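Quick note: the coordinates plus some simple rules give every number you see, no bench work behind them. Bear in mind the structure is a predicted one, so any value in this text is a computation, not a measurement. Backbone-built Cβ (ideal geometry, glycine too); neighbour counts: all protein chains shown.
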Amino acid sequence: MCGIVGYLGNGDAYPILIKGLKRLEYRGYDSAGVAILENGDLSLFKCKGKVVDLENIVDEDSKTGGIGIGHTRWATHGVPNDVNAHPHLSGDGKLALIHNGIIENYASIKEELKSRGHIFHSETDTEVLVHFIEDVRSKLNVSLFEAVRIALSEVHGAYAIVVLDRENPNQLVAAKKSSPLVIGVGKNDDYYIASDASPIIEYTKNVVYLDDEEVALMDRKEGLKIVTIQNQAKTPYIQALELKLEAIEKGGYDSFMLKEIHEQPRSIRDSFRGRINIQNGFVKMSGIDDYRDKWLNAKRIIIVACGTSWHAGLVAEYLFEDFARIPVEVEYASEFRYRNPVIFPDDIVIAISQSGETADTLAAIELAKQKGAFIFGVCNVVGSTISRSTHSGAYTHAGPEIGVASTKAFTAQVTVLYQLALGVAQVRGTIEQKDVIKLMAELNAVPDQVEVALKSNDHVKEIAAIYKDSRNALYLGRGYSFPVALEGALKLKEISYIHAEGYPAAEMKHGPIALIDEEMPVFVIATQGQSYEKVVSNIQEVKARKGKIIAVVTAGDKTVSELADHTIEIPKTDDTLVPIISVIPFQLLAYHVAVMRGCNVDQPRNLAKSVTVE
C-alpha cells in the first residue's frame with residue numbers, strides 16, 4: 001500500500017526514483033509523483049494514474065539533480081486526483097514530503113494551522129503534516145531534522161515519511177511508525193530510501209531498517225544520524241540485504257502472478273528445508289526449541305491474520321487441534337483489537353503475514369503483548385516489523401511475492417504451520433512417532449506433487465474459457481478443504497472481479513443452495529479422504545438443481561468424474577496436506593479467467609499488496 005522512494009547522492013535522482021516506483025507498483029496505487037532538487041530549484045510533478053503517466057509529464061530539464069523523492073499513492077484521505085497525489089509542499093514551498101500511513105488527528109491540527117493563516121489545496125492528511133513541520137520549524141527556529149521530530153511527537157497515527165528542503169540540498173529526513181521504511185547506504189555517501197527493499201537492491205546490499213518512532217537524518221557531510229521521537233540517539237544498525245535482483249524480475253513469465261504460481265514447488269521445499277528430519281522423525285525450529293515450556297503449557301492458541309493469511313490460519317486450526325490437541329481460535333486481525341478479547345498469559349498468539357507489515361496484524365500483536373501472551377510470527381520478509389515485534393517466529397522463505405494476489409505465500413505459510421503443529425505435538429506427546437515419520441515423508445513429496453498439479457494448466461485454461469463470463473461462483477469444501485474453498489473464491493474475486501463465495505460444503509443447504517441454477521459454476525474440492533462420501537452427496541444436490549460442477553479430485557477418481565461437468569485431478573496425499581496441492585488449480589483458474597477478461601492480474605483494481613493502514 002503506497003510506495004516511497006528517495007535518493008540523496010552524487011548521481012541523478014530521477015532515473016533512480018522512476019525505476020524504484022516501477023518496482024513498487026505491485027503494492028497497489030492510484031497516483032504517482034516526484035520532487036527533484038537541483039541548484040536550489042524544486043521541481044514537482046504528480047498526477048493521477050500510473051508511473052508511465054508520470055513519466056509523460058516530467059520535462060527534460062528536471063531530470064537532473066542529486067536529491068529527490070518519489071511516491072505512489074493508494075487513496076485514503078481524498079479521491080485519487082492530481083492535487084491529492086504526493087509529494088505535498090509546505091505553505092512556503094520550501095519543503096516537499098511523501099507519506100505512507102494515516103495521521104489520525106490531522107483534522108484538529110489542520111484547524112489550528114488554518115487559524116494561523118495556512119492555506120490547504122488538497123484533501124490529504126499529508127499536506128497537513130508538511131504544513132505542521134513548516135510551522136514548527138518557523139515558530140521554534142530549529143533545523144528541519146528537529147522540526148520533524150517535534151512535529152511527530154504531536155501526531156497520532158501511522159506514518160513513513162521522507163522530507164526534503166529546497167534550501168538544503170545536502171540532506172533528507174525520514175521517519176516511521178507502524179509503516180515500513182528502509183534506508184540503503186551506498187558508496188560515496190549515497191543514500192536510498194524506500195518502503196521496501198526492492199528499489200534498493202540494485203544499488204546496495206547495506207541497509208538500515210528504521211524502528212517505530214525513529215527519525216533519520218541523511219546528510220552528505222554528517223552521514224547517517226538516528227534519534228527517537230523522544231530525542232534519544234540511536235546507533236544505526238547496518239545489515240546485509242538478502243534479497244536478490246533476479247527474484248523481483250518476471251523471469252520470462254507474462255506476469256509475476258504466473259511466475260509465483262510456478263515457483264511453488266521450490267518455495268514449499270524451501271519452507272521445510274533444514275527444518276524436518278524425516279529419517280529420525282523430528283522437527284527443528286528455534287521457535288519451538290527455545291520456548292518449549294510455552295508450547296507445553298499452552299491452554300489455547302489464537303491465530304490472527306488477514307485475507308489469504310487468515311485462510312492459512314484456518315488450515316492451521318485443524319492441524320493444531322488434530323496433532324497437538326490444543327484448542328485454537330482464528331481471528332480476523334482487523335476485528336481482534338476492537339472487541340475487547342479475553343487473552344491469558346498462557347495463551348499463544350500466532351500472527352501470520354506475508355509482508356510482515358500488515359497494520360491490523362501489528363495492532364493485534366501489540367494488544368496481545370500487553371495482555372502477556374507469547375507471540376509467534378509467521379512471515380516472509382526478513383527484517384519486517386512483525387519479525388521484530390514478536391517473541392519468536394519462523395520465516396516462510398518463499399522469496400519475494402510481487403503479485404498482489406497471494407499464491408506462494410499461502411502454500412508456504414501452510415507448510416510452515418504444518419511443521420510447527422507437528423513439532424508442538426511432539427513436545428506435548430500427542431502424536432505417535434511413526435505417524436510423525438509418515439507425515440514428514442508425505443510433506444517431503446508435496447513439492448513434486450505440486451509440480452504434477454501445475455501440469456493441469458492447459459486443462460484449467462479450457463475450463464476458464466467456459467466460465468470466464470460468469471457473474472457469480474460458489475466454492476465448496478469440507479474439513480481441511482473448507483479454507484481452500486475460501487481461498488479459491490478470494491483469488492477469483494480479487495483478480496477477475498467475479499463475485500465468488502466459499503462455504504463449508506454442508507452449509508450450502510443453509511442458504512446458498514437458493515442461488516444454484518444452470519448458470520452457476522460450483523467449484524468443489526472432492527478429494528478422496530474422510531469426508532469424500534459427504535462431498536459426493538453435496539455434488540448430487542447441486543446437480544439436481546442444474547448447477548455446473550467443477551471438481552478437484554484425486555487422480556483416478558471415478559465416482560465424482562461421472563457426476564461433475566469437469567474434473568481436475570491432483571495427486572493423492574494425506575488429508576492434512578490436501579490444501580497445499582488442491583489450491584493450485586484454483587490459482588491457475590483465477591489467473592486464466594482474469595487474463596481472458598482483460599484484467600491486470602498483478603495489480604488488480606483497488607487492492608494493495610501490503611495493507612499498512614487500518
Taking placed amide H atoms and a strict 5 Å upper bound, the residues 5 or more places from Ile303 or on another chain that come that close are Glu329, Val330, Glu331, Ile350
Out of Thr126, Ile581, Cys47 - ranked by how far each Cα lies towards the positive end of the dipole of the chain, with unit charges on the beta-carbon of charged residues - the top one is Ile581
Relative contact order %, the chain, counting alpha carbon pairs below 8 Å whose residues are six or more apart:
12
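Taking every DSSP beta bridge with both residues inside the chain, roughly what % is antiparallel (nearest 5)?
65
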Whole-Hz ³J(HN,Hα) from phi, Karplus 6.51 cos²θ - 1.76 cosθ + 1.60, for segment 79-92, glycine and proline x
5, x, 7, 5, 5, 7, 5, 8, x, 10, 9, 6, x, 8
Expressed as a rounded percentage, what relative contact order does segment 455-600 have, with Cα pairs under 8 Å and six or more residues apart?
31
Please give every one of the lysines within straight-line cross-link reach of Lys369, meaning a C-alpha to C-alpha distance under 16 Å, and leave out same-chain neighbours fewer than 8 residues apart.
Lys294
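If you take the square roots of the eigenvalues of the alpha-carbon gyration tensor of segment 336-379 and sort them as a ≥ b ≥ c, do you get rounded (a/c under 1.5), prolate (a/b over b/c) or oblate? Kindly include the intermediate steps, with their values, before the conclusion.
Values: a/c = 2.56, a/b = 1.43, b/c = 1.79.
Verdict is oblate for segment 336-379.
Can you give the net charge of the other residues whose Cβ lies under 13 Å from the Cβ of Arg388, counting K and R as +1 and D and E as -1?
Values: positive: Lys176, Lys369; negative: Asp211, Asp212, Glu214, Glu357, Glu366.
So the surrounding residues net to -3.
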With θ set to phi - 60°, apply the Karplus curve 6.51 cos²θ - 1.76 cosθ + 1.60 along segment 49-60 and write out the HN-Hα couplings as whole Hz, x wherever there is a Gly or Pro.
x, 9, 4, 4, 5, 5, 4, 6, 10, 7, 7, 4
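Roughly how many debye, to the nearest 20, is the charge dipole of the chain about its Cα centre, given +1 on each Lys and Arg Cβ, -1 on each Asp and Glu Cβ, and no other charges?
Numbers: 65 positive and 81 negative charges, 169 e Å.
Here the size comes out at about 820 debye.
Express the relative contact order of segment 357-442 as a whole percentage, based on alpha carbon pairs under 8 Å and six or more residues apart in sequence.
Working: 69 pairs, mean separation 16.0, N = 86.
Contact order relative to length: 19 percent.
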For Leu241 and Arg471, what is the calculated FRET efficiency with R₀ set at 45 Å and r taken between the beta-carbons, to the nearest 0.05?
0.50
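If you stretched the chain out fully between Glu541 and His510, how much longer would it get, using 0.36 nm times the residue separation minus the C-alpha to C-alpha distance? Please list the in-between numbers first.
Numbers: separation 31, 0.36 × 31 = 11.16 nm, distance 1.25 nm.
So the chain would gain 9.9 nm between Glu541 and His510.
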Can you list the residues of segment 1-36 with backbone N under 11 Å from a point 7 Å past the Cα of Thr64, pointing along Cα to Cβ?
12
Find which of Val155, His88, Gln354 sits farthest along the positive direction of the dipole of the chain, computed with +1 on the beta-carbon of Lys and Arg, -1 on that of Asp and Glu, about the Cα centre.
Gln354
If Lys and Arg each add +1 and Asp and Glu each add -1, what is the summed charge of the other residues whose beta carbon sits under 13 Å from the beta carbon of Ile580?
-4
At 27 Å minimum axial length over the Cα atoms and a Kyte-Doolittle cut of 1.6, report the qualifying DSSP H helices in the chain, or say none.
578-596
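Could you order the peptides 125-133, 274-282, 317-325 from most to least packed, using the average number of other C-beta atoms within 10 Å per residue? Display every interim value, and only then the final one.
Details: 125-133: 26.1, 274-282: 14.9, 317-325: 19.7.
Highest-to-lowest ranking by the protection proxy: 125-133, 317-325, 274-282.
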Neighbourhood net charge (11 Å Cβ-Cβ; Lys/Arg +1, Asp/Glu -1) for Lys548:
-1
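Report the calculated FRET efficiency for Val142 and Asn56 (r = Cβ-Cβ distance, R0 = 51 Å), to the nearest 0.05. Show your work: numbers first, answer last.
Values: r = 39 Å, r/R0 = 0.77.
Efficiency, rounded to the nearest 0.05: 0.80.
Once you sort the root eigenvalues of the Cα gyration tensor of segment 399-553 as a ≥ b ≥ c, which label holds: rounded (a/c under 1.5), prolate (a/b larger than b/c) or oblate (the other case)? Intermediate results must be reported in sequence, preceding the final value.
Numbers: a/c = 2.13, a/b = 1.52, b/c = 1.40.
Prolate, because a/c is 1.5 or more and a/b exceeds b/c.
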Using a simple charge model, +1 on the beta-carbon of Lys and Arg, -1 on the beta-carbon of Asp and Glu, nothing else, what dipole does segment 250-453 show about its Cα centre, in debye to the nearest 20?
400
Can you tell me which of 263-273, 171-181, 188-198, 283-293 comes out highest on packing, and rank the rest after it, using the mean Cβ neighbours within 10 Å?
171-181, 188-198, 263-273, 283-293
Can you flag which of Lys493/Lys534; Lys22/Lys250; Lys299/Lys491; Lys50/Lys187; Lys114/Lys139 are past 24 Å Cα-Cα?
Lys493/Lys534; Lys299/Lys491; Lys50/Lys187
R0 of 35 Å, Cβ-Cβ distance His156-Phe282: FRET efficiency to nearest 0.05
0.15
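Tell me what the chain gives for mean residue ellipticity at 222 nm when only DSSP H runs of n ≥ 4 count, each as -39,500 (n - 2.57), the sum divided by the residue total, rounded to 500 deg cm²/dmol. Please list the in-between numbers first.
Numbers: 20 runs with 215 residues, N = 614.
Computed mean residue ellipticity for the chain: -10500 deg cm²/dmol.
Would you please classify the overall shape of segment 133-210 from the alpha carbon gyration tensor, given that a ≥ b ≥ c denote the square roots of the eigenvalues, rounded means a/c under 1.5, and beyond that prolate means a/b larger than b/c while oblate covers the rest?
Numbers: a/c = 3.23, a/b = 1.53, b/c = 2.11.
Since a/c reaches 1.5 but b/c is at least a/b, the shape of segment 133-210 is classed as oblate.
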